[in-house]
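Accompanying notes for the structure given below.
The values are calculated or read from the model by the stated rules, or taken from the named source; none is laboratory data. Since the structure is predicted, the reported quantities are computational estimates derived from the model, not experimental observations. As a convention, Cβ positions derive from the backbone with ideal geometry for all residues, glycine included, and neighbour counts pool all protein chains shown.
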Amino acid sequence: MTTHMTGDRLAAIDWDQVVLDLDAQGGAVIKRLIAPAECQAMAALYSMDKLFRSRVVMAQHGFGRDFSGGEFVMTEQRPRMQSRAMVLPLRQGDAAVIAVHHRPVQGTRGMYRVNLRHGVSHVRAGQRHTAGIIFHDAA
């Protein structure tokens, strides 16, 4: 992955829309952030334990080869209301920007905090790999 190509892709992202999507639903999709060859190169690194501080080994995670299923699912647990599930449709090379644990929501009596959970649905065919970058205490 070259810095120039990645920098161009990052500069092309509509960050205002990402912020709007995060505020509205707790998640946003950045399409084609990583090129297919870069996805394959990153997936090949996965077996090298010393490169990663920690790993979650789950066959249903993804960016990689052809697959079906394995959708990225978020659940918003709203007080005194039914939980709401949201599916972020990701394809190879796409990135999901999500609020990990809580997000503020405007209610009739002001702002309140809802709990968010995320996961991946069952992979019905094929194989998926994913990379996660977590920013703790990002404000």
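The table below gives the values:
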read-out: Strands (runs of 3 or more DSSP E) (entirely within the stretch 17-112) containing at least 1 residues that are at pLDDT below 85 and on the phi > 0 side of the Ramachandran plot; value: 67-69
read-out: Selection from the stretch 74-110 of residues that are surrounded by 13 or more Cβ atoms within 10 Å (Cβ to Cβ) and within 27 Å of Ala41 (Cβ to Cβ); value: Leu88, Leu90, Gln92, Gly93, Asp94, Ala95, Ala96, Val97, Ile98, Val100
read-out: Enumeration of residues in the stretch 113-131 that are surrounded by 14 or more Cβ atoms within 10 Å (Cβ to Cβ) and more than 28 Å from Ala43 (Cα to Cα); value: Val114
